[in-house]
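The structure appears right after this line, and notes come after that.
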Amino acid sequence: MTTSDLPAPGSTARTRIRRLPDKTVTEREVAYAILDAGRLAHVGVVVDGQPYVVPVAFARRGDDAIFHGSSASRLFTTLAAGAPTCLTVTLVDGLVLARSLFESSMHYRSVMALGVPRRLTGEEEVEALLHLSEHLMPGRTAEARHPLPQELKATITLALPLDEISVKVGDGPPDDVPTDLVDEPFASIWAGSVPIREAFGEPLADDQATGVPLPAYVENWGRA
């Protein structure tokens with residue numbers, strides 16, 4: 001199955017957005033752009049009747065979301081055994097200040113993926129982990145040591161198909177109650193949006209790297 005054969009975001013019964021459907025996005029390329037701009041996902045799994053949600057570093061590789069965890073983790077062994085999951089990624093782009101607290105909100109881009117992940121092994125796992133590292137730290141895989149066999153043994157690497165997804169984007173102005181636009185004092189207070197931008201700080205070398213030139217690729221890091 002190719003990307004073009006996959007169902008459009010929000011087109012299945014489980015992914016149709018019912019709350020604020022006007023924020024629905026049905027273009028898969030928008031979903032993939034959001035995933036490519038993110039580094040952190042949250043993954044849900046139920047173990048012994050108890051739901052858990054864990055943060056994971058992730059990367060999109062084609063039509064899969066790649067993430068990993070410890071082989072000693074019961075959450076990851078449960079996922080590797082075929083448990084269904086829900087993976088979410090949210091980018092917060094700003095705060096929306098309305099004239100009431102109730103109507104105040106955020107600018108955001110979010111993707112939710114439902115499905116059953118599969119465990120990667122052998123060369124496919126190594127390639128996926130290198131892809132994940134390159135997504136998180138572009139340029140680093142050419143310099144740093146690659147995983148050793150014992151490190152791979154301690155790792156569970158999973159690929160969640162992005163077959164069934166939904167996309168929601170909030171990017172509009174404040175949606176004020178009409179009376180707040182005319183009733184004082186609220187009609188006269190400032191309202192609008194305040195962007196939030198991610199930025200990397202000044203790199204800090206460890207003791208051994210003092211005096212070693214900063215890699216050029218680090219200077220180019222940022223988020224779309």
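Just so it is clear, none of the values below were taken in a lab; they were calculated from the coordinates. None of these values were measured; they are calculated from a predicted model. Virtual Cβ from ideal backbone geometry, glycine too; neighbours counted across all protein chains shown.
Residues in the range 108-136 that are crowded, with 18+ Cβ neighbours inside 10 Å and acidic (Asp, Glu): Glu125 alone. Restricting to the range 67-107, give me the number of residues that are out of contact with any Asp or Glu (no Cβ under 6 Å at 6 or more places or on another chain) and not in a loop (DSSP other than H, G, I, E, B). Total meeting the criteria: 26. Checking each residue in the range 96-105 for being surrounded by 15 or more Cβ atoms within 10 Å (Cβ to Cβ) and either of a type in the set (A, V, I, L, M) or closer than 23 Å to Leu35 by Cα (or both) picks out Val96, Leu97, Ala98, Ser105. Among residues that are surrounded by 16 or more Cβ atoms within 10 Å (Cβ to Cβ) and on the phi > 0 side of the Ramachandran plot, Gly10 is included. Scanning the range 45-91 for residues that are farther than 30 Å from Ile196 by Cβ and under 13 Å from the mean Cα position of the chain (by Cα) turns up nothing. Taking the listed residues Pro178, Pro195, Pro203, Pro147, the one that is over 22 Å from Ala57 (Cα atoms) and over 22 Å from the mean Cα position of the chain (by Cα) is Pro178, with no other qualifying. If you take the residues in the range 122-136 that are without any contact (Cβ under 8 Å) to a residue 12 or more places away in the chain and not acidic (Asp, Glu), which one is nearest to Ala57 (Cα to Cα)? So the residue we want is Ser133. If you take the residues of the range 142-185 that are polar (S, T, N, Q) and assigned to a helix (DSSP H, G or I), which of them is surrounded by the most Cβ atoms within 10 Å (Cβ to Cβ)? Among them, the one singled out is Thr179.
Filter the range 18-31 for residues that are in a helix (DSSP H, G or I) and more than 17 Å from the chain's Cα centre (by Cα); which is nearest to Leu132 (Cα to Cα)? It comes out as Lys23.
Just one residue in the set Asp176, Asp180, Asp163 is touching a residue at least 60 places away in the same chain (Cβ under 8 Å) and in contact with an Asp or Glu (Cβ under 7 Å, 6 or more places away or on another chain); that residue is Asp176. The single residue among Thr88, Thr77, Thr24 that is touching a His at 6+ places or on another chain (Cβ under 8 Å), surrounded by 13 or more Cβ atoms within 10 Å (Cβ to Cβ) and of a type outside the set (A, V, I, L, M) turns out to be Thr88. Take the conditions (1) under 10 Å from the mean Cα position of the chain (by Cα); (2) crowded, with 19+ Cβ neighbours inside 10 Å; (3) assigned to a strand (DSSP E or B); Ile34 misses just one of them, which is (3).
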